[in-house]
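Quick notes on the structure that follows.
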Amino acid sequence: MKIAIRQIPFTDIDGIRVGHSQDLTAATGCTVILHEAGATAGVDVRGGAPGTRETDLLDPVNLVEKIHGVLLSGGSAFGLDAAAGVMQYLEERKVGFDVGVARVPIVCGAVLFDLALGDHRVRPDKQMGYAACANAGSHGCGHGNVGAGAGASVGKILGMARAMKSGLGSYALQIGELKIGALVAVNCLGDVVDPETGKTLAGALTEDLGNFIHTEAVMIQSYGEKKNLFAGNTTIGVVATNARLTKSQASKLAAMAQNGYARTLRPAHTMVDGDTVFALATGVTDADPNVAGLLAARVMERAVVTAVKETAPLCGLKCWADLSG
């Protein structure tokens with residue numbers, strides 16, 4: 001009998017809650033993915049300019065087995081401050097790793113660079129991180145200019161004036177008892193391509209802002225230049241599943257989910273992107289890790305496409321809808 005595959009909300013994955021807080025005037029924000037009971041976790045970092053928190057503890061040789069939250073934040077390295085608010089929220093609920101005298105919430109995180117879009121003086125902080133947790137729920141998670149996607153943009157090879165607005169996206173599937181989904185803030189240097197059609201959805205624009213110039217072609221033509229012509233990138237995301245996985249398998253899941261970046265971001269994993277994927281496994285059902293991994297890549301690529309297609313213009317940047325008509 002053929003097993004049915006159906007799309008579900010990301011927050012249908014057992015125990016997962018998602019919350020956002022953002023300042024759209026400043027074009028920045030943060031997103032939290034919470035699992036207060038604790039989820040087995042892994043991480044894969046492939047970009048050359050990452051900004052991360054508590055990734056070392058996800059190494060399978062290290063002590064902590066489960067984490068309680070993941071922070072995705074704008075604000076570059078400043079945005080890591082928002083994790084303090086996530087820590088406070090979880091500690092107030094007595095969630096965390098028991099160290100005898102207290103429970104220490106285990107919160108991993110990654111940041112993207114959005115300082116060049118809105119007001120660079122405003123960054124996600126402890127208050128914004130706490131607010132994102134207070135907003136967390138299990139009834140959908142929002143797309144576009146929300147949370148960590150508030151200041152996200154793509155196609156910055158020729159500067160922000162010819163870039164496009166991107167945002168936050170999610171996509172999840174259920175196959176039998178197995179659930180798997182991805183949530184991602186798309187803020188890459190290059191262009192975003194829909195792998196199902198081969199069409200460019202968003203990226204660097206021509207001078208009249210009416211068409212795409214194709215970032216990889218520009219980079220190839222200027223291969224001899226060593227100037228730092230582009231800064232302010234990084235795509236950060238989470239893949240979550242209700243499968244039972246070890247820490248090693250969770251890290252492999254994150255690694256395979258990076259294939260979703262490779263299929264949609266042109267180019268991916270550059271020295272000026274800090275591309276990072278976290279993996280969360282809630283341990284409800286058995287699943288072949290290889291099948292979970294191939295599905296992780298599939299849901300990640302659709303989450304990237306969603307992040308672009310469901311984003312509205314902001315701060316003068318055009319969005320996918322402006323060019324798709």
Reported set for region 215-228 where residues are without any contact (Cβ under 8 Å) to a residue 40 or more places away in the chain and not acidic (D, E) is A217, I220, Q221, S222, Y223, G224, K226, K227
Is there any pair linking a residue in region 50-61 that is among the acidic types (D, E) to one that is surrounded by fewer than 18 Cβ atoms within 10 Å (Cβ to Cβ) and part of a loop (DSSP other than H, G, I, E, B), with Cβ under 9 Å and at least six apart or on different chains, and which?
E54/V64; D56/N62
Out of the residues in region 87-97 meeting the condition of being of a type outside the set (A, V, I, L, M) and touching a strand residue (DSSP E or B) at 6+ places or on another chain (Cβ under 8 Å), tell me which one is least open to solvent (accessible area, probe 1.4 Å).
G96
Give the residues of region 180-224 that are in a loop (DSSP other than H, G, I, E, B), open to solvent by less than 50 Å² (accessible area, probe 1.4 Å) and of a type in the set (D, E, K, R), sorted by residue number.
D194
Can you name every residue in region 136-161 that is open to solvent by 30 Å² or more (accessible area, probe 1.4 Å), of a type outside the set (G, A, S), farther than 17 Å from A26 by Cα and at pLDDT below 95?
H139, L158
In the set A296, A279, the lone residue that is part of a strand (DSSP E or B) and at pLDDT 95 or above is A279
Working only within region 49-101, note down all residues that are in a helix (DSSP H, G or I) and of a type outside the set (A, V, I, L, M, F, W, C).
D56, S76, G79, D81, G85, Q88, Y89, E91, E92
Residue among G155, G176, G190, G147 that is under 24 Å from S21 (Cα atoms) and in contact (Cβ under 8 Å) with a residue 24 or more places away in the chain
G147
Residue hits (region 145-159; in a helix (DSSP H, G or I) and out of contact with any helix residue (DSSP H, G or I) (no Cβ under 8 Å at 6 or more places or on another chain)) are A148
Of the residues in region 99-121, those that are buried (at least 19 other Cβ atoms within 10 Å of the Cβ) and over 23 Å from V304 (Cβ atoms) number 3
If you go through L71, L34, the only one that is in contact with a Lys or Arg (Cβ under 6 Å, 6 or more places away or on another chain) and closer than 22 Å to A172 by Cβ is L34
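The values are calculated or read from the model by the stated rules, or taken from the named source; none is laboratory data. Remember, predicted model here, so these are calculated numbers, not experimental data. Reconstructed Cβ throughout: ideal geometry from the backbone, glycine too, with neighbour counts over all protein chains shown. The area values use the complete protein model at the heavy-atom level, side chains included, leaving out ligands, DNA and RNA. Shrake-Rupley method; radii C 1.70, N 1.55, O 1.52, S 1.80 Å.
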